[in-house]
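The values are calculated or read from the model by the stated rules, or taken from the named source; none is laboratory data. These figures come from a predicted structure and were not determined experimentally. Cβ coordinates were reconstructed from backbone atoms using ideal geometry, including for glycine residues, and neighbour counts include every protein chain displayed.
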Amino acid sequence: MHVIIQQDLLDRSRAVFETSGLTMHGFALSDIDGMLACQRDTGAKAFIIGANQYPEHFFESIAPGSLIMRYGVGYNAVPVARCKERGVFVAYTPGTLDASVAEHTMGLIMDCARHIAHKHAEMKQNVWAGVSGIELEGKTLAVIGFGNIGKRLAKIAKHGFGMRITAYGRKPALSAEDASLTDVYTTDFKTAVDDAAVVALTMGVTDTNKGFIDASKLALMRNDAIFVNTARGVLVNEGDLYDALAAHRIACAGIDVFTTEPYVPVGGNDLRTLDNVVLTPHVGSNTDAANRRMAEACVRSVVAFGEGRMGGVVMVPEQRG
């Protein structure tokens with residue numbers, strides 16, 4: 001079975017893909033025409049893509065009956081409804097990157113709390129200057145979005161760092177198991193962040209929550225709060241975040257995901273110019289173990305799809321049933 005894949009994803013997990021029994025055709029993200037030509041020439045039925053923004057004509061040109069296999073959990077960049085109309089299937093790999101993203105989130109929290117990256121940069125310039133950080137034990141972490149990653153983060157912070165956990169979500173109540181990870185659960189954002197030293201955004205993207213963190217939400221946070229986003233860039237109004245950081249209405253931010261990737265500042269509001277921000281280039285899920293799990297999950301779904309076993313394909317929720 002022929003499969004078309006983003007070259008960077010093939011490179012990350014080459015050992016898994018090259019021993020899968022599938023014939024992999026790697027293409028740079030910029031070579032959309034090459035991908036589509038390869039499908040015409042080989043009859044490839046599956047595309048493995050990342051979280052990147054693909055142009056509309058890519059989704060309009062894929063042959064009906066094809067599978068778009070998302071290497072990862074977020075699929076907000078895929079027009080699922082339109083794919084369904086065209087008879088194109090969309091699948092993803094839930095549960096494969098929870099540990100890696102939660103660990104990266106905790107790393108950004110630690111960096112903001114103890115100024116690690118900033119002090120490292122100063123040391124490289126032969127500057128020896130102490131700075132007072134904050135201790136996390138006993139502080140409140142507000143986890144905004146209590147899905148798999150949010151729960152994993154809560155477990156790390158609660159049991160590893162002794163933090164209090166306030167969880168924010170849409171469910172009216174949690175199961176007993178999930179509730180055991182929290183000190184407070186609420187569906188009210190103000191209640192969630194009111195006493196939080198750290199606010200971590202881990203929610204998934206929907207049609208209704210883009211720009212969820214805006215000036216009004218940031219104003220509810222403490223002025224000494226740390227804000228971390230490892231979810232999706234479109235959940236945050238980056239201009240409002242810049243303004244809050246520049247005016248020190250919040251203390252610091254750790255950001256791994258951006259509205260446009262690679263990062264493009266909104267207007268003249270360049271987060272890279274601020275001293276109270278730590279930025280990483282969407283690498284929260286990019287670990288050896290997570291890449292292996294994502295690749296293996298992709299292979300399982302693609303093979304099942306090729307064999308007509310749709311029950312073995314992990315479809316996105318909007319395409320189930």
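Residues checked against (1) part of a helix (DSSP H, G or I); (2) among the aliphatic types (A, V, I, L, M); (3) without any contact (Cβ under 8 Å) to a residue 24 or more places away in the chain:
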{"position": "Ala102", "(1), (2), (3)": "yes, yes, no"}
{"position": "Asn126", "(1), (2), (3)": "no, no, yes"}
{"position": "Ala142", "(1), (2), (3)": "no, yes, no"}
{"position": "Ala154", "(1), (2), (3)": "yes, yes, no"}
{"position": "Ile165", "(1), (2), (3)": "no, yes, no"}
{"position": "Pro172", "(1), (2), (3)": "no, no, yes"}
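Quick one: which of Ala46, Ala37, Ala15, Ala51 is over 19 Å from Glu296 (Cβ atoms) and of a type in the set (A, V, I, L, M, F, W, C)?
Ala37
Specify which of the listed residues (Gly204, Gly211, Gly239) is among the small types (Gly, Ala, Ser), within 22 Å of the chain's Cα centre (by Cα), outside the structural domain of Leu9 (by TED's automatic domain parsing) and not in a loop (DSSP other than H, G, I, E, B).
Sole residue among the options that is among the small types (Gly, Ala, Ser), within 22 Å of the chain's Cα centre (by Cα), outside the structural domain of Leu9 (by TED's automatic domain parsing) and not in a loop (DSSP other than H, G, I, E, B): Gly239.
Looking only at the range 182-201, filter to residues that are part of a loop (DSSP other than H, G, I, E, B) and either of a type in the set (Gly, Ala, Ser) or out of contact with any Lys or Arg (no Cβ under 6 Å at 6 or more places or on another chain) (or both); which one of those is farthest from Phe258 (Cα to Cα)?
Result: Thr182.
Just checking, which of Ile165, Ile134, Ile116 is among the hydrophobic types (A, V, I, L, M, F, W, C), modelled with pLDDT of 95 or more and either more than 24 Å from the chain's Cα centre (by Cα) or closer than 13 Å to Thr230 by Cβ (or both)?
Checking each option against the conditions leaves just Ile134.
Filter the range 86-100 down to residues that are part of a helix (DSSP H, G or I) and of a type in the set (Gly, Ala, Ser) and give me whichever is surrounded by the most Cβ atoms within 10 Å (Cβ to Cβ).
Selected residue: Ser100.
Could you tell me which residue of the range 124-135 is nearest to Gly254 (Cα to Cα), considering only residues that are loosely packed, with under 11 Cβ neighbours inside 10 Å and among the aliphatic types (A, V, I, L, M)?
Top of the filtered list is Val131.
Given the conditions (1) polar (S, T, N, Q); (2) surrounded by fewer than 24 Cβ atoms within 10 Å (Cβ to Cβ); (3) within 22 Å of Pro94 (Cα to Cα), which single one is not true for Thr182?
Failed condition: (3).
Just give me the residues in the range 300-316 being among the aliphatic types (A, V, I, L, M) and on the phi > 0 side of the Ramachandran plot, in sequence order.
Answer for the range 300-316, where residues must be among the aliphatic types (A, V, I, L, M) and on the phi > 0 side of the Ramachandran plot: there is none.
The conditions are (1) surrounded by 15 or more Cβ atoms within 10 Å (Cβ to Cβ); (2) of a type outside the set (Ser, Thr, Tyr); (3) in contact with a Lys or Arg (Cβ under 7 Å, 6 or more places away or on another chain), and Asn223 fails exactly one of them. Which is it?
So Asn223 meets the others, but not (1).
Given the conditions (1) modelled with pLDDT of 95 or more; (2) farther than 18 Å from Phe305 by Cβ, and given that Ala51 satisfies all but one, which numbered condition is not satisfied?
Checking Ala51 against (1) modelled with pLDDT of 95 or more; (2) farther than 18 Å from Phe305 by Cβ, the one that fails is (1).
Here is a list: Asp194, Asp224, Asp207, Asp214. Which entry is of a type outside the set (S, T, N, Q) and free of Cβ contacts under 8 Å to residues at least 12 places away in the same chain?
Every option except Asp207 fails the conditions.
Is it true that Asp240 is closer than 30 Å to Lys171 by Cα and buried (at least 19 other Cβ atoms within 10 Å of the Cβ)?
yes
Tyr75 is checked against (1) surrounded by fewer than 16 Cβ atoms within 10 Å (Cβ to Cβ); (2) in a loop (DSSP other than H, G, I, E, B) and fails just one. What number does that condition carry?
Only one criterion is unmet by Tyr75, namely (1).
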